[in-house]
1. With a ≥ b ≥ c the root eigenvalues of the C-alpha gyration tensor of segment 32-86, is it rounded (a/c under 1.5), prolate (a/b larger than b/c) or oblate?
2. Amide H of SER194: which non-local residues (sequence gap of 5 or more, or other chain) have their own amide H closer than 5 Å, using H built in the peptide plane?
3. Based on Cβ point charges of +1 for Lys and Arg and -1 for Asp and Glu, what charge dipole magnitude is obtained for segment 1-103 about its Cα centre, in debye rounded to the nearest 20?
4. With a ≥ b ≥ c the root eigenvalues of the C-alpha gyration tensor of segment 50-153, is it rounded (a/c under 1.5), prolate (a/b larger than b/c) or oblate?
5. I want the antiparallel fraction of DSSP beta bridges within the chain, as a percent rounded to 5.
6. Distance cut-off 27 Å, Cα to Cα: go down the list LYS145/LYS169; LYS74/LYS177; LYS13/LYS50; LYS48/LYS74 and report the pairs above it.
7. State in Å² the accessible area per residue of the chain; use a 1.4 Å probe, count heavy atoms of protein chains only, and round to the nearest integer.
8. Based on the alpha-carbon gyration tensor of segment 78-208 and its eigenvalue square roots a ≥ b ≥ c, which shape applies: rounded if a/c is under 1.5, prolate if not and a/b is larger than b/c, or oblate?
Amino acid sequence: MNIIVMGPPGAGKGTQAERLVKEFSLVHISTGDMFRSAIKEGTEMGRKAKEYMDKGALVPDEIVVGIVKERLSKPDCAGGVLLDGFPRTIQQAEALDEVLQDLNITINAVVSVDVEEDELLNRLTGRRVCRNCGTTYHIKFNPPKVRNICDHCGGELYQRDDDTVETVKERLKVYKKQTMPIIDYYQRKGLFLSVDGARSIDDVFADISDHLEKIKGRG
Ligand code: ADP
Ligand code: ADP
Ligand code: ZN
């Protein structure tokens with residue numbers, strides 16, 4: 001099974017993706033995580049991506065499509081993938097279709113996690129991420145057992161540079177303008193499912209899992 005998880009920044013894509021990849025044995029492909037790794041490693045691509053990320057803008061399509069294509073071509077993807085935060089523009093969605101066709105991969109579902117704007121701001125400004133393994137927490141809604149320490153690996157938690165109020169507002173604008181048009185793109189293909197993300201992490205997960213189980217049963 002191959003799925004796309006989309007939704008505005010802070011909706012819970014990454015949180016749901018972490019669980020879904022375990023439940024359905026999928027390879028997790030997060031373009032945001034790939035850029036953050038590249039920045040950490042100090043590569044040229046990371047340096048370029050950071051310029052856009054810090055402003056809350058999208059990284060240019062050529063760069064994003066290039067790294068996704070490279071990742072999808074690796075043999076471990078044959079067992080199923082979860083794309084998290086990609087595609088984010090119509091151009092990316094079209095480029096993805098070409099790549100998938102070449103690789104003989106079909107998308108089974110596009111799940112959009114939807115949350116209203118005030119709540120997104122609460123979620124993003126309280127988000128903390130493990131510096132070591134990337135696990136996501138929230139200071140109030142999903143805190144670690146020990147303050148600022150990752151439950152899984154003991155790593156230190158940090159706040160992302162782009163999780164400030166101003167940058168978040170810009171990212172929300174970008175989502176509406178550049179990413180929302182792909183909803184229609186996937187609705188036309190009959191793949192689109194919207195899930196109410198304004199519930200507990202467990203409830204949202206149960207809802208998405210049920211849907212995916214049904215799709216699996218059909219296939
Ligand atoms: P969030 O979890 O808040 O939605 P991500 O971690 O997915 O954010 O992405 C962080 C930033 O990385 C984005 O604001 C954007 O600058 C860049 N980025 C990630 N994925 C893409 C993409 N598919 N296209 C363009 N830029 C991207
Ligand atoms: P995205 O990848 O869509 O940007 P994340 O998964 O990183 O979103 O979640 C954003 C923040 O909201 C994180 O701090 C996360 O712990 C928290 N969060 C995720 N899902 C929920 C939920 N259902 N209820 C409350 N907080 C949540
Ligand atoms: Zn960790």
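1. Details: a/c = 2.23, a/b = 1.82, b/c = 1.22.
Verdict is prolate for segment 32-86.
2. Close amide H contacts, sequence-distant or interchain: SER112.
3. Numbers: 13 positive and 16 negative charges, 82 e Å.
Its charge dipole is roughly 400 debye.
4. Values: a/c = 2.05, a/b = 1.66, b/c = 1.23.
Since a/c reaches 1.5 and a/b is larger than b/c, the shape of segment 50-153 is classed as prolate.
5. Working: 8 of 24 bridges.
Beta bridges within the chain, antiparallel portion: roughly 35 percent.
6. Numbers: LYS145/LYS169 30 Å; LYS74/LYS177 32 Å; LYS13/LYS50 21 Å; LYS48/LYS74 24 Å.
The answer is LYS145/LYS169; LYS74/LYS177.
7. Numbers: 11500 Å² over 219 residues.
Solvent-accessible surface per residue comes out at 53 Å².
8. Working: a/c = 1.89, a/b = 1.58, b/c = 1.20.
Taking the square roots of the gyration eigenvalues as a ≥ b ≥ c, segment 78-208 is prolate.
The values are calculated or read from the model by the stated rules, or taken from the named source; none is laboratory data. As the structure is a computational prediction, the values presented were derived from the model and not from experiment. Cβ atoms come from the backbone with ideal geometry, glycine included; neighbour counts cover every protein chain shown. Surface areas here come from the heavy atoms of the whole protein model, side chains and all, with no ligands, DNA or RNA. Shrake-Rupley method; radii C 1.70, N 1.55, O 1.52, S 1.80 Å.
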